1. Any chance you could look up the accessible area of F82 with a 1.4 Å probe, heavy atoms only, rounded to 10 Å²?
2. Classify the stretch 14-88 as rounded, prolate or oblate from the Cα gyration tensor: take a ≥ b ≥ c as the square roots of its eigenvalues, call it rounded if a/c is under 1.5, otherwise prolate when a/b beats b/c and oblate if not.
3. Full-extension gain between H109 and A4, please, as 0.36 nm times their residue separation minus the C-alpha to C-alpha distance.
4. Specify the residue with the greatest mean-square fluctuation among D121, D64, D112, computed from a Gaussian network of the chain linking alpha-carbon atoms under 10 Å apart.
5. Give me the one-decimal nm value for the distance between modelled label points at Q120 and R52, 7 Å along each residue's Cα-to-Cβ direction.
6. For the stretch 28-38, in order, what is each residue's ³J(HN,Hα) by Karplus, 6.51 cos²θ - 1.76 cosθ + 1.60 with θ = phi - 60°, in whole Hz (x at glycine and Pro)?
7. For W114, what accessible surface area do you get with a 1.4 Å probe? Give it in Å², rounded to 10.
8. Check each of the trypsin sites (Lys or Arg not before Pro) in the stretch 16-105 and keep only those in coil by DSSP with at most 14 other C-beta atoms within 10 angstrom; list them in order.
Amino acid sequence: MHDALARANFEADVAKLSDEAAARVGLKIHARTYPVLDLTVHHARPLRLRFRCDSWDELPPAVDLLNADGTFLAPQHVGDIFHDGPHPSTGRSFVCMRGTREYHTHSSHLSDRWDNYRGQDGMNIPGIAMQIARGWRRLAK
């Protein structure tokens with residue numbers, strides 16, 4: 001994908017998630033500069049997510065699971081969509097959910113192509129972030 005098109009797609013998507021809208025749903029935006037959206041899910045156990053959206057939306061975002069300070073989350077068994085890994089490509093814990101690069105590149109899901117979801121309602125960058133945030137809040141009590 002051409003970088004200028006990926007940048008335009010990214011900027012259009014993240015513009016839908018203003019700081020005020022993010023705060024209303026319990027998110028704090030740290031950075032939104034192409035190709036990275038960096039945010040924290042507010043919760044008793046905060047989770048920071050770094051979306052790497054190069055080639056958006058030809059490819060789904062890669063999502064890093066981070067501690068509140070921005071360091072990588074240590075492997076821990078959480079369950080549901082959160083896997084302690086290691087993911088074969090990154091060697092780290094990962095979100096195994098439709099709409100994340102780690103899901104669509106994992107050997108268990110190679111037949112479930114991103115093209116099946118791309119452009120669907122809720123499969124933009126803010127929608128994927130909200131799905132992950134809901135999953136974290138359900139599990140991390």
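The values are calculated or read from the model by the stated rules, or taken from the named source; none is laboratory data. Worth saying up front: this structure is predicted, and the values here are computed from it rather than measured. A quick note on method: Cβ atoms are made from the backbone with ideal geometry, for glycine too, and the neighbour counts reach across all protein chains shown. When the accessible area is computed, the model is the full protein with side chains, heavy atoms only, and any ligands, DNA or RNA have been set aside. Shrake-Rupley method; radii C 1.70, N 1.55, O 1.52, S 1.80 Å.
1. F82 has an accessible surface of roughly 10 Å² with all protein chains in place.
2. Oblate shape, in that a/c is at least 1.5 and b/c is the bigger or equal ratio.
3. Additional length available on full extension: 34.9 nm.
4. D121
5. For the pair Q120/R52, the computed spacing is 2.6 nm.
6. 10, 8, 9, 7, 8, 10, 3, x, 10, 10, 10
7. Rounded to the nearest 10, that gives 10 Å².
8. K16
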